[in-house]
Amino acid sequence: MRSFSIALILVGLTGVASAERPRLLVLDGDPTVEPNTEATAPYNTIFLNRCANGCTVKQGANDARADSSDIIHGTHVLTRFTYGDDAWNKVVSCVKDTFESFNVQITDVDPGTAQHFEIMVGGQPTDVGFPTNVGGVSSNGCGQTYIPNALVFDFADVWSSSATTCSATCIEDICSTAAQEIGHSFGMDHSHNAADPMTYFGFSGRRYFQNSADPCGSDCQGGTGPMGNTCSGTDNQVHTCCVNRGSTQNSYATLTNLFGPGTPTPPIVSITAPLQGASVKAGFPVQATATDDSSVPKVELYVDGALIQTVTSLPFAFNAPASLADGNHMVEVRAYDVHGTPGSRMINVNIGPPCQSSSECPNTTDACIGGRCVPGPGVTGGLGETCTANSDCGDQNCASDGTNQYCTTACTTGQCPSGFGCLATADGSDMGYCWPGYDDGSGGGCNAGSGGPISMGLVFAALLFKRRRKA
């Protein structure tokens with residue numbers, strides 16, 4: 001009979017075992033197979049298999065391409081993922097987010113005979129011969145950089161008391177189990193860091209692979225780890241990694257070394273106050289928004305290249321230094337996602353009286369609109385330039401009339417440069433936006449020979465675009 005070791009017991013932050021929670025297992029694979037010690041993986045696809053029609057898996061060499069596993073006895077059918085398309089899409093999105101820092105391709109489309117790693121997600125542990133309280137299982141990858149074409153299991157049914165509904169917590173449990181089980185196939189042990197997917201400590205929020213040298217552990221019982229390691233620490237949950245491989249593990253570095261760095265999408269940042277080119281007083285407030293497909297744990301304010309203030313939660317509001325001198329100043333808000341990827345937005349403001357004409361602006365291509373210096377017509381991000389998002393525009397205003405999309409800026413009648421008119425918004429407010437070719441009746445707002453005013457009602461708002469994560 002093949003021996004196995006319990007990888008971990010789900011425990012709370014206090015280190016107390018929580019018996020009602022499922023276990024995850026690491027099983028010893030075929031002892032006749034030579035360990036793989038290649039420095040890097042020659043392929044990077046991880047297939048999330050929801051077993052739509054049930055997954056038949058048989059005993060044999062660990063090979064995702066053949067649906068065979070060296071920790072399965074006989075032939076079994078893992079029943080399908082029962083929580084529906086919406087829950088499945090959330091699981092896939094979560095796993096993609098978890099691995100976004102690495103050059104890994106997460107897919108739920110079967111790669112067939114192409115080399116890949118696979119996580120079967122669905123059913124009950126009893127479907128494939130494991131006890132009812134097992135949440136996931138993997139072959140033991142300790143001593144290897146990765147198990148070629150590894151096949152692991154994530155038993156989705158154990159994470160919800162409902163046969164058809166998967167809560168947000170259920171989604172996160174399935175996601176982190178998937179990450180941990182395939183992580184074992186990449187040679188990783190369990191982590192003592194509660195924020196890492198390789199742990200079994202409780203954690204509030206999404207777990208990410210941590211770029212830190214963390215002790216191994218969180219899986220001790222009776223003073224020993226699952227592989228016989230002696231446990232220590234104030235909670236008696238620390239042990240050497242993968243039987244004397246070292247005292248710490250850096251899961252982020254492990255995956256980066258194996259697959260290379262990924263290309264996480266940066267946060268989208270907007271400065272909502274002050275406006276580009278605004279005349280302000282020293283100590284002026286700065287307000288910003290920052291959105292990302294994961295989360296934004298840190299936002300910074302820079303003025304003239306110097307870090308002024310850091311906030312770690314909403315609202316993203318700051319104050320510039322009261323010691324700033326009169327003149328032009330560059331304001332930057334820089335936001336970071338959970339992977340440390342930065343996104344930023346910059347504007348220029350003026351401490352002093354508002355401009356009266358474009359000749360008073362710092363750039364010869366600027367236009368003076370309502371006392372503010374903004375990028376004028378004919379320059380990148382300037383008035384009337386085509387755009388697809390607010391970030392394309394110097395004043396962070398990309399607007400559409402249903403046919404055309406142009407960079408614009410707030411105005412009142414008569415403030416726009418030649419060739420533009422101040423077109424009122426559909427809500428009837430006094431404020432409008434400079435629109436190319438529109439005659440606002442102030443004389444000179446419309447180029448000679450242009451057509452009449454835009455007849456279609458125009459609703460100005462931030463153009464929203466759903467961010468797509470690379471597969």
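The values are calculated or read from the model by the stated rules, or taken from the named source; none is laboratory data. Since this is a predicted model, take the numbers as computed values, not measurements. Positions of Cβ are generated from backbone atoms using ideal geometry, with glycine treated the same way; all protein chains shown enter the neighbour counts.
For the stretch 71-104, a residue qualifies if it is surrounded by 21 or more Cβ atoms within 10 Å (Cβ to Cβ) and acidic (Asp, Glu), and the qualifying residues are Asp97, Glu100.
Total residues in the stretch 243-262 satisfying the condition of being under 24 Å from Ile174 (Cα atoms) and in a loop (DSSP other than H, G, I, E, B): the figure is 2.
The listed residues are Tyr406, Tyr438, and the only one of them that is over 20 Å from Met346 (Cα atoms), without any contact (Cβ under 8 Å) to a residue 40 or more places away in the chain and among the aromatic types (Phe, Trp, Tyr) turns out to be Tyr438. So which residues in the stretch 416-439 are touching a Cys at 6+ places or on another chain (Cβ under 6 Å) and at pLDDT below 90, if there are any at all? The answer is Gly432, and nothing else.
Checking Cys231, Cys216 one by one, the residue that is more than 30 Å from Ile106 (Cα to Cα) and either in contact with a helix residue (DSSP H, G or I) (Cβ under 9 Å, 6 or more places away or on another chain) or in the same structural domain as Ser176 (by TED's automatic domain parsing) (or both) is Cys231 and no other. From the residues in the stretch 233-249 that are in contact (Cβ under 8 Å) with a residue 40 or more places away in the chain and buried (at least 20 other Cβ atoms within 10 Å of the Cβ), which one is nearest to Met198 (Cα to Cα)? Step by step, filter the stretch 233-249, then rank; the result is Gln249. Scanning the stretch 105-122 for residues that are out of contact with any Asp or Glu (no Cβ under 6 Å at 6 or more places or on another chain) and either at pLDDT below 95 or crowded, with 22+ Cβ neighbours inside 10 Å (or both), we see that the one that is farthest from Phe186 (Cα to Cα) is Gly122.
Selection of the stretch 80-91 for residues being of a type outside the set (Val, Ile, Thr) and in a loop (DSSP other than H, G, I, E, B) yields Arg80, Phe81, Tyr83.
Picking from residues in the stretch 222-232 that are exposed (fewer than 14 other Cβ atoms within 10 Å of the Cβ) and not β-branched (Val, Ile, Thr), the one that is nearest to Phe102 (Cα to Cα) is Gly228.
Just one of (1) under 16 Å from Thr79 (Cα atoms); (2) modelled with pLDDT under 95; (3) in contact with a helix residue (DSSP H, G or I) (Cβ under 7 Å, 6 or more places away or on another chain) fails for Gly141. It is (1). Scanning the stretch 165-172 finds no residues that are touching a Lys or Arg at 6+ places or on another chain (Cβ under 8 Å) and on the phi > 0 side of the Ramachandran plot. Listed by position, the strands (runs of 3 or more DSSP E) contained in the stretch 285-399 that have at least 2 residues being surrounded by 17 or more Cβ atoms within 10 Å (Cβ to Cβ) and not β-branched (Val, Ile, Thr) are 285-291, 298-303, 316-319, 327-336, 342-351, 366-369, 372-375.
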